[in-house]
Amino acid sequence: MHMGRVRDWFPLALLAATCLAALGGIVQTAAAESNGLAPTPPMGWNDWYSSYCNVNAQLVELTAQEMVNNGMKAAGYDYVNVDDCWMAPSRDAAGNLVPDPTRFPNGIASVAAYVHSLGMKLGIYEDAGTTTCAHFPGSYGYEAQDAATFAAWGVDYVKYDRCNIPYGDFPGESEQQVQQVLYTRMSNALKATGHNIVFSMCNPDPGDDPWLWGAPISNLWRTTTDIEDNFGSMLGNFEGTVGLYRDAGPGAWNDPDLLQIGNGGGSLGEYTSEFSLWAEMAAPLIASTNIGTLTAAERAIYENPNVIAVDQDPLGQAGVPISRADGLWVMTKQLSDGSRAVLLFNSNNSAATIATTATAVGLPGRHVYRMQNLWTNAITETGGGITAFVPGHGVAMFRVSVESKRRATKLSPHTVLSLNAADTQLDAGQSTTLYESLTNNGTSDVKGVALSLAARPGWQVKPLGPARLPLLKPGRRFTVGYRITAPASGPPLAMSIFSGAASFDPPDGKRTSSARLGELVSAPVSRPLATADVTTHPASFGASGRAFAISSRGLGVYNPPFGAASTDSYAAIYKPGGAGRTSSAEVTVTADPAAGPEGGAGLIERDRMAGPKRPPAAVVLYVSGNATIVMAWNASGGADVDQHSAVPSVTVAAPVGLRLVRRDHVYAGYYSTDRGKTWNPVGTVTVAASASAGKQDVGVFHASGLSTWTTTATFTNLRVR
Ligand code: GLA
């Protein structure tokens, strides 16, 4: 369920001019809220993504207690924040806000008292408009009264949203100007209570740009659209925030939204990235998940003291991105002790080496440096190179400082094992060369190096040179090449993992190291089928027997909310001219990891699939990233899909059967969740005559739904009659 308004826009990456300016530590600090609160980014919990509108007193109190028990409170998480839906539908006769009597039977003050008794603080949610996003009473016109109510209840933090603002009451003023007026009103009202109340602005729509005006009146402001529990959304919010580092500082923070760790939509590696990126950006660390069901590994992410210390560093500088080439990010954050928190982030799907240097991250040159790996705790020394082989969607994070030569001799040299393939994608049976290297970034010798490589069954691996080296000098790299050949047959698309291993003797004892690289192998699509890629990021296709797979990144076929024209971006496997005027197409979607209403996988019919960038559109029937069945079509001619209908109450999980029956310009869509025993109607639609003349191209398509991530959908049993 998603109670918020639809925010389908995408934040533009704001990195353009960020690079070198801040490297000498010249980061401008914003003028902060005069309430003097939040000298470091707030840490805590918010119920929204675990409970949405089911929040209640018991949940809040149990969560607070659990945070004491599980160590989160001790780690610094001290705010317990209630989001939307805590209220009764209307104010009382005196105009006061009323907590929902069933879910908060003893009111908010009693919850605040309980939370305070644990040494924690209570946050609450309101809205600058007439109603909140979930349509409970807003504070518009009641700012002073509501602020006084919150203070009387003992509330310590207010998140203030921007739904349903009556802009018509402010003729001639822009939405941003009106927000400035209303947010200033609430900011002043909260200060007037004399209580310490953190003010958190939530106005992340395009044009709100709160980082330009929020610092004097608030402690934090949302920078980006509502986060979702998937890597692509997390990446979008990171990219939309990272360039705003100049606007953050003590008491005034960029807020890329609540942490998703624990909600199930990311891998541990992806959640580790989320936590590291948020800490590097000096973002609030507010967990929005069911705290009681966190696994030990998820808790270890939330409670990593090294990374929390980066976020909470008293200098209060947000990390500066110094490069982002090809989706490989290097960031540096100056810390109060003179060290730098260096983040190497790989936003791509496959592992890669990311390298920078001590001087590039802002440390003085010509030294030996101490590197603490903030996730493994390993401490090494480097002569300047800072390198890691970083898994796809993963991070490496170090705290780097100048070290004395004498102390550095007691540390192991910083070594990196990395894998790199000449081709990252092969057809079945094809060969390429894979290189495995060990690099010594330290200032002392590494001895007795032995490298090895393991592959999945079916692969042939031939080393092209010796895999042992007696001595690897400082600053040198030892590389072994291997000729690798993919199995002759396999699934349509498969990621095969290669594992490299190294053993060697640094001065303080024997070490081993390992690295993993994926190689995408596809069974090529052959005639009579063809492929079409209407995306900006190359898609991959595979067909094997009755199974198909499409790996692609794209927003989808129908993108209604903004702009008149749809921004088609999807990839398809299709039969050219396969659908006659009276025809029927059927497929089973077996996996569909997409996001949002436009992302998804399903059937597509249009009259020129591989035509110009925006071919005339006809009709699509698909399982959306929201797991509902959607039919979208071109009703009015031209190049766009302009009509959209979803089966309202259906939520489906793959495998889902889809059937599209054509009678000239009329298409009927059906779906089945019981392997074709029953077919349920989705709709019968009439497509513009110009868009559905004669024979149509017909096939399967996939769009990931976000411009930031690539996902793979699979299909079986495509039949066209
Ligand atoms: C908006 C906010 C979310 C959440 C919901 C509650 O969508 O951006 O963080 O507070 O409202 O309705």
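The values are calculated or read from the model by the stated rules, or taken from the named source; none is laboratory data. Quick caveat, the model's predicted, so the values are computed rather than measured. Note that we place each Cβ from the backbone using ideal geometry, even for glycine, and neighbour counts take in every protein chain shown. Surface accessibility is based on the protein's heavy atoms, side chains included, excluding ligands, DNA and RNA. Shrake-Rupley method; radii C 1.70, N 1.55, O 1.52, S 1.80 Å.
Sort out which residues of the range 660-673 are over 17 Å from Asn626 (Cβ atoms) and either over 33 Å from the mean Cα position of the chain (by Cα) or part of a loop (DSSP other than H, G, I, E, B) (or both), and write them in order of number.
The answer is Leu660, Val661, Arg662, Arg663, Asp664, His665, Val666, Tyr667, Ala668.
Out of the range 265-306, which residues are among the hydroxyl-bearing types (Ser, Thr, Tyr) and either part of a loop (DSSP other than H, G, I, E, B) or in contact with a strand residue (DSSP E or B) (Cβ under 9 Å, 6 or more places away or on another chain) (or both)?
Those that are among the hydroxyl-bearing types (Ser, Thr, Tyr) and either part of a loop (DSSP other than H, G, I, E, B) or in contact with a strand residue (DSSP E or B) (Cβ under 9 Å, 6 or more places away or on another chain) (or both): Ser267, Tyr271, Thr272, Ser273, Ser276, Ser288, Thr289, Thr295, Tyr302.
Could you figure out which of (1) out of contact with any Ser or Thr (no Cβ under 6 Å at 6 or more places or on another chain); (2) part of a loop (DSSP other than H, G, I, E, B); (3) surrounded by 22 or more Cβ atoms within 10 Å (Cβ to Cβ) isn't true of Asp337?
Result: Asp337 fails condition (3) only.
Identify the residue in the range 132-156 that is within 35 Å of the chain's Cα centre (by Cα) and open to solvent by 40 Å² or more (accessible area, probe 1.4 Å) and, among all such residues, is nearest to the ligand (Cβ to nearest atom).
Among them, the one singled out is His135.
Which of the residues that make up the range 368-411 are among the hydroxyl-bearing types (Ser, Thr, Tyr) and without any contact (Cβ under 8 Å) to a residue 40 or more places away in the chain? Explain how you work it out, then say what you get.
Taking the range 368-411 as the starting set, the residues that turn out to be among the hydroxyl-bearing types (Ser, Thr, Tyr) are 369, 376, 380, 382, 387, 401, 404, 409.
Tyr369, Thr376, Ser404, listed by residue number.
If Ile217 meets every condition in (1) in contact (Cβ under 8 Å) with a residue 60 or more places away in the chain; (2) touching an Asp or Glu at 6+ places or on another chain (Cβ under 6 Å); (3) within 30 Å of Met120 (Cα to Cα); (4) away from the ligand (no atom under 16 Å from the Cβ) apart from one, which number is that one?
It is condition (2) that Ile217 fails.
With respect to Ala309, is the statement that it is in the same structural domain as Leu62 (by TED's automatic domain parsing) and part of a helix (DSSP H, G or I) true?
yes
Test Val395 against the stated conditions and say whether it is among the hydrophobic types (A, V, I, L, M, F, W, C) and open to solvent by less than 10 Å² (accessible area, probe 1.4 Å).
no
Test Val198 against the stated conditions and say whether it is away from the ligand (no atom under 16 Å from the Cβ) and either under 28 Å from Phe170 (Cβ atoms) or assigned by TED's automatic domain parsing to the domain that holds Thr711 (or both).
For Val198, the condition - away from the ligand (no atom under 16 Å from the Cβ) and either under 28 Å from Phe170 (Cβ atoms) or assigned by TED's automatic domain parsing to the domain that holds Thr711 (or both) - is not met.
Quick check on the range 196-235: of everything there that is touching a Phe, Trp or Tyr at 6+ places or on another chain (Cβ under 6 Å), of a type outside the set (A, V, I, L, M, F, W, C) and part of a helix (DSSP H, G or I), which residue is farthest from Leu344 (Cα to Cα)?
By that ranking, first place goes to Pro210.
Return the only residue of Pro487, Pro470 being assigned to a loop (DSSP other than H, G, I, E, B) and at pLDDT 95 or above.
Values: Pro470 fails: assigned to a loop (DSSP other than H, G, I, E, B).
Going through Pro487, Pro470 in turn, just one is assigned to a loop (DSSP other than H, G, I, E, B) and at pLDDT 95 or above: Pro487.
Name every residue in the range 659-677 that is out of contact with any Gly (no Cβ under 9 Å at 6 or more places or on another chain), open to solvent by less than 70 Å² (accessible area, probe 1.4 Å) and over 11 Å from Trp633 (Cβ atoms), in order of residue number.
Hit for the range 659-677 is Asp664, nothing else.
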